[in-house]
Ligand code: ADP
């Protein structure tokens, strides 16, 4: 497809993991006392791996995802993503980290209603100077890849829920992030659309050698991932 894939050259045994989380803790202050959500959580993953995280509501799944994406700060422990500790970066560094290293797919697509599919896909290119001809070409390729070649000039209001989520996936990949974090990516979709979106996410993850972590309540989606874990008592338990 011409959509460039990430490569890890050299001996994989000798390389540190692309994602390393050690002894992660997150405590939220609450009037009734501190709420410990993540407790001594550790996780190591490499590019090309995909993990589905399940667990009861309120167990801390979104909190973990937001910390990995530097949208939330940890109370303790260390996080390293592609050799970077996002919490040691300055403002510009964190902005670049969120823009280049991590792509997000959320339950609600958050597309801008006044922008076409292609314009929405290209939005993450704005902080680094906007869409070059190569990025416009990549945006079009991504939209073709998610089956929206005929819908590039449509507004979100002219698309189905599943189509909007496919635009959101293309947008998450426009800057070729090595890591993609998905929070209930199929949570708002009917069964057929959820299957299409789940398949696309996993196909693109494999094609582009992405490190994908998806939080989901869907046993069907989780079953299609090569690895699963449950977040219980603040820790990840591999299944
Ligand atoms: P999940 O995604 O597994 O449903 P969350 O990570 O959203 O769980 O939340 C875990 C717990 O932390 C919940 O009890 C929630 O109420 C609490 N929580 C989440 N965000 C905050 C916050 N910003 N301030 C205080 N408590 C929070």
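The values are calculated or read from the model by the stated rules, or taken from the named source; none is laboratory data. These figures come from a predicted structure and were not determined experimentally. Neighbour counts are summed over all protein chains in view; Cβ atoms, including those assigned to glycine, are modelled from backbone coordinates with ideal geometry.
Things to note:
- Residues that are surrounded by 14 or more Cβ atoms within 10 Å (Cβ to Cβ) and either out of contact with any helix residue (DSSP H, G or I) (no Cβ under 7 Å at 6 or more places or on another chain) or under 12 Å from residue 234 (Cα atoms) (or both) within the range 47-56 comprise 47, 48, 49, 51, 55, listed in sequence order.
- You will find that of 224, 228, 235, the residue that is more than 14 Å from the ligand (Cβ to nearest atom), surrounded by fewer than 22 Cβ atoms within 10 Å (Cβ to Cβ) and either farther than 10 Å from residue 54 by Cβ or without any contact (Cβ under 8 Å) to a residue 60 or more places away in the chain (or both) is 224 and no other.
- Only listed residue being closer than 27 Å to residue 220 by Cβ and touching a helix residue (DSSP H, G or I) at 6+ places or on another chain (Cβ under 9 Å), chosen from 136, 105, 94: 105
- Residue match in the range 69-76 (condition: at positive phi, buried (at least 21 other Cβ atoms within 10 Å of the Cβ) and within 9 Å of the ligand (Cβ to nearest atom)): no
- For the range 18-34, the candidate set comprises residues that are near the ligand (Cβ under 10 Å from one of its atoms) and closer than 15 Å to residue 62 by Cα; within that set, the residue that is surrounded by the fewest Cβ atoms within 10 Å (Cβ to Cβ) is 28.
- Checking 103, 93, 48 one by one, the residue that is more than 12 Å from the ligand (Cβ to nearest atom) and in a strand (DSSP E or B) is 103 and no other.
- Residues that are over 13 Å from residue 120 (Cβ atoms) and either free of Cβ contacts under 8 Å to residues at least 24 places away in the same chain or more than 18 Å from the chain's Cα centre (by Cα) (or both), drawn from the range 146-197: 147, 149, 150, 160, 161, 190, 191, 192, 193
- Of the helices (runs of 4 or more DSSP H) lying entirely inside the range 148-239, the ones with 2 or more residues being over 28 Å from residue 38 (Cβ atoms) are found at 161-173, 191-207.
- A single member of 59, 42 is assigned to a strand (DSSP E or B) and under 30 Å from residue 220 (Cα atoms), and it is 42.
Yes/no per residue for (1) modelled with pLDDT under 95; (2) more than 21 Å from the chain's Cα centre (by Cα):
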{"residue": "21", "(1), (2)": "no, no"}
{"residue": "27", "(1), (2)": "no, yes"}
{"residue": "32", "(1), (2)": "yes, yes"}
{"residue": "38", "(1), (2)": "no, no"}
{"residue": "47", "(1), (2)": "no, no"}
{"residue": "60", "(1), (2)": "no, no"}
{"residue": "68", "(1), (2)": "no, no"}
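- There is at least one residue in the range 108-119 that is within 30 Å of residue 37 (Cβ to Cβ), touching a helix residue (DSSP H, G or I) at 6+ places or on another chain (Cβ under 8 Å), buried (at least 20 other Cβ atoms within 10 Å of the Cβ) and modelled with pLDDT of 95 or more.
- Selection within the range 124-140 - surrounded by fewer than 17 Cβ atoms within 10 Å (Cβ to Cβ) and part of a helix (DSSP H, G or I): 126, 127, 128, 133, 134, 136, 137
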